[in-house]
Amino acid sequence: MPIENERKFVLQDDGKLEQQLAHVPGVTKSFLRQAYLDVSGMRIRSMEADGKKRYVFTYKREVDGQVVEIETEISVADFDRLWSQRRETLQKARYSWPDGRFHWDVDFFKTDEGRTYFAQAEVEMPEDDRTPPPLPPPLADHLLAMAPAGDLRFTSKRLANRAHAESLLADIRKKGKIE
C-alpha cells in the first residue's frame, strides 16, 4: 500500500521566496486547483506544469496509524463532473524537487487574485523514517515553525479556509511557535 509519511514546515513568505525557488536547478513548478468531495478522504486535483494539465482523483484513509494514499488519473470530463460536487476548494503554486530519498514540495496557497496567504513546505519521507531531514538551504531562512506530525490544522483541506490559514499564521508569528 502507498503509505504517506510527511512532515510540514510553515514558512514566512517574504514575497521573494517563490521567485527564488523558480530559479533553483531541478525544481519544477506546477499550479494546482483542488477540491474536496462530500465523502471523507476524497479529493480531485488539476495540475498544470510545462503547459500540460493532468487530472487526478485521490483517496486517503488512516489505517493503523498510517495514511494510505491512492491516486489515479482521471479524464477532464470526470474532473468537471466531480468539480460540480466539490466542497472546500483551493489553488496553489507548488515547487517540487527530489532530495536523495526524500521529496520536497513547497506550496503557496493563493487567493483568486493570485496573492499568497499561506506558505508551507512538506517533505515526503520513506515509510519507516520518523525524523525529517534539515530544511534545504533555500528554505532555511524562511522557517517559522515545524508543524506537529499529524496536526490537522495544517492539512490543505483546512488551509483552503483562508480565515483559518491567516489566523493560524498570525498566531504562529505572535507566539514564535506552534501550540
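The values are calculated or read from the model by the stated rules, or taken from the named source; none is laboratory data. Here the structure is a predicted model, which means the values were calculated and not measured. Cβ: placed from backbone, ideal geometry, glycine included. Neighbour counts: every protein chain shown. Quick note on the areas: whole protein, heavy atoms, side chains included, nothing else; ligands and nucleic acids left out. Shrake-Rupley method; radii C 1.70, N 1.55, O 1.52, S 1.80 Å.
Taking region 12-35 only, how many residues are hydroxyl-bearing (S, T, Y) and within 27 Å of R87 (Cα to Cα)?
Here the count works out to 1.
Could you give me the residue pairs with C-beta distances under 7 Å whose first residue belongs to region 52-66 and is within 21 Å of R81 (Cβ to Cβ) and outside any loop (DSSP other than H, G, I, E, B), whose second residue is open to solvent by less than 60 Å² (accessible area, probe 1.4 Å) and among the small types (G, A, S) wherever it lies, and which are 6+ apart or on separate chains?
K53/S46; Y55/S46; Y55/S75; Y59/G41; K60/G41
Go through region 41-83 and report how many residues are open to solvent by 80 Å² or more (accessible area, probe 1.4 Å) and either over 23 Å from D105 (Cα atoms) or of a type in the set (A, V, I, L, M) (or both).
Going through region 41-83 one residue at a time, the tally reaches 4.
Filter region 43-82 down to the residues that are touching an Asp or Glu at 6+ places or on another chain (Cβ under 6 Å) and modelled with pLDDT under 95 and list them by number.
Within region 43-82, K60, V67, E69 qualify.
Here are E4, E18: which of them is charged (D, E, K, R), modelled with pLDDT under 95, open to solvent by less than 40 Å² (accessible area, probe 1.4 Å) and closer than 28 Å to K177 by Cα?
Within the list E4, E18, the selection yields E4.
Mind checking which residues of region 100-144 are more than 19 Å from V67 (Cα to Cα) and either open to solvent by less than 10 Å² (accessible area, probe 1.4 Å) or polar (S, T, N, Q) (or both)?
Matches in region 100-144: V106, D107, F108, F109, T111, T116, F118, A119, Q120, L139.
Look at Q19 and say whether it is closer than 30 Å to K174 by Cβ, free of Cβ contacts under 8 Å to residues at least 12 places away in the same chain and among the polar types (S, T, N, Q).
Yes, satisfied.
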